[in-house]
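Engineer: Provided herewith is a single structure, encoded as structure tokens, for subsequent inquiry.
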Amino acid sequence: MKLLSSCPISVTAVVTSFRALSMQEGSDNVVPIVFEAIIDMNILGVELVTSTLRAPGTVNGTFSSPRNRIICAEYMLDTPALLQSMMKEARFVVRKTVAVASSIASNLTAAKQESMMHSSQSYPDISPSSSRSSDNSMLLSSSVAASQSMPPPPPRKSSTN
């Protein structure tokens, strides 16, 4: 049963990207970017949820002069913004997981109740208006009562003062 699974949320795919925004005038080595991580998760084996994390940042490149080769690239992300995005998406995924778990639990409860209604034990008709004779009804009534009742309590000892 997935509801009792040790891993109710499993990551199925992650795609990360850095999107360059418009270049700033006068600075050809620093480019503003947006970091994005798109995460697909499977919740309780029932529902696929996609979550997107975003954070602004910059990329700074150092190039060699004669050939314009990249010597070093430095990515700077706004980590507080990334943390905020992560917390927001985590709350969303937890709410979604609770909703899916509640749905599964209510479906299981309904199925169990329906199963109990269909498999309930039928008892013989012992009413006086049944088609059986009164002797058979009395005998059946006595045997049902005897099989379903508790034995009498043991006799009490008399207390002597």
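The values are calculated or read from the model by the stated rules, or taken from the named source; none is laboratory data. What you see is a predicted model, and the numbers here were worked out from it, not measured in a lab. Neighbour counts run over all protein chains shown; Cβ positions are idealised from the backbone, glycine included.
Engineer: Cβ-Cβ under 7 Å, sequence separation 6+ or interchain: first residue in the range 35-57 and in contact (Cβ under 8 Å) with a residue 40 or more places away in the chain, partner in a strand (DSSP E or B) and among the charged types (D, E, K, R). Which pairs?
Structural biologist: Once the first residue is in contact (Cβ under 8 Å) with a residue 40 or more places away in the chain and sits in the range 35-57, its partners that are in a strand (DSSP E or B) and among the charged types (D, E, K, R) give Phe35/Arg54.
Engineer: Would you confirm whether any residue within the range 67-86 is under 30 Å from Ala105 (Cβ atoms), of a type outside the set (Asp, Glu), under 34 Å from the mean Cα position of the chain (by Cα) and surrounded by fewer than 17 Cβ atoms within 10 Å (Cβ to Cβ)?
Structural biologist: Going through the range 67-86, the residues under 30 Å from Ala105 (Cβ atoms) turn out to be 86.
Still in the running and of a type outside the set (Asp, Glu): 86.
Imposing the further condition that a residue be under 34 Å from the mean Cα position of the chain (by Cα) reduces the set to 86.
The next check asks that each one be surrounded by fewer than 17 Cβ atoms within 10 Å (Cβ to Cβ); those that pass are 86.
There is at least one residue in the range 67-86 that is under 30 Å from Ala105 (Cβ atoms), of a type outside the set (Asp, Glu), under 34 Å from the mean Cα position of the chain (by Cα) and surrounded by fewer than 17 Cβ atoms within 10 Å (Cβ to Cβ).
Engineer: Which one is surrounded by the fewest Cβ atoms within 10 Å (Cβ to Cβ), of the residues in the range 6-36 that are assigned to a loop (DSSP other than H, G, I, E, B) and modelled with pLDDT of 60 or more?
Structural biologist: Selected residue: Ser6.
Engineer: Consider only pairs whose beta carbons are under 9 Å apart and that are at least six residues apart or on different chains; among these, list those whose first residue lies in the range 90-119 and is surrounded by 12 or more Cβ atoms within 10 Å (Cβ to Cβ) and whose second residue is among the polar types (S, T, N, Q) and modelled with pLDDT of 75 or more.
Structural biologist: Ala90/Ser51; Phe92/Ser51; Val93/Ser51
Engineer: Could you list, in sequence order, all residues of the range 53-80 that are hydroxyl-bearing (Ser, Thr, Tyr) and under 30 Å from Arg91 (Cα atoms)? Can you show your working first?
Structural biologist: So in the range 53-80, the residues hydroxyl-bearing (Ser, Thr, Tyr) come out as 58, 62, 64-65, 75, 79.
Those that are hydroxyl-bearing (Ser, Thr, Tyr) and under 30 Å from Arg91 (Cα atoms): Thr58, Tyr75, Thr79.
Engineer: Another question, then. Given (1) outside any strand (DSSP E or B); (2) at pLDDT 85 or above; (3) of a type outside the set (A, V, I, L, M), where does Thr58 come up short, assuming only one miss?
Structural biologist: Every listed condition holds for Thr58 apart from (1).
Engineer: Pick from Ala111, Ala105, Ala73: which is at pLDDT below 90, part of a strand (DSSP E or B) and not acidic (Asp, Glu)? Break it down stepwise before answering.
Structural biologist: Values: Ala111 fails: part of a strand (DSSP E or B); Ala105 fails: part of a strand (DSSP E or B).
One residue alone meets the criteria, Ala73.
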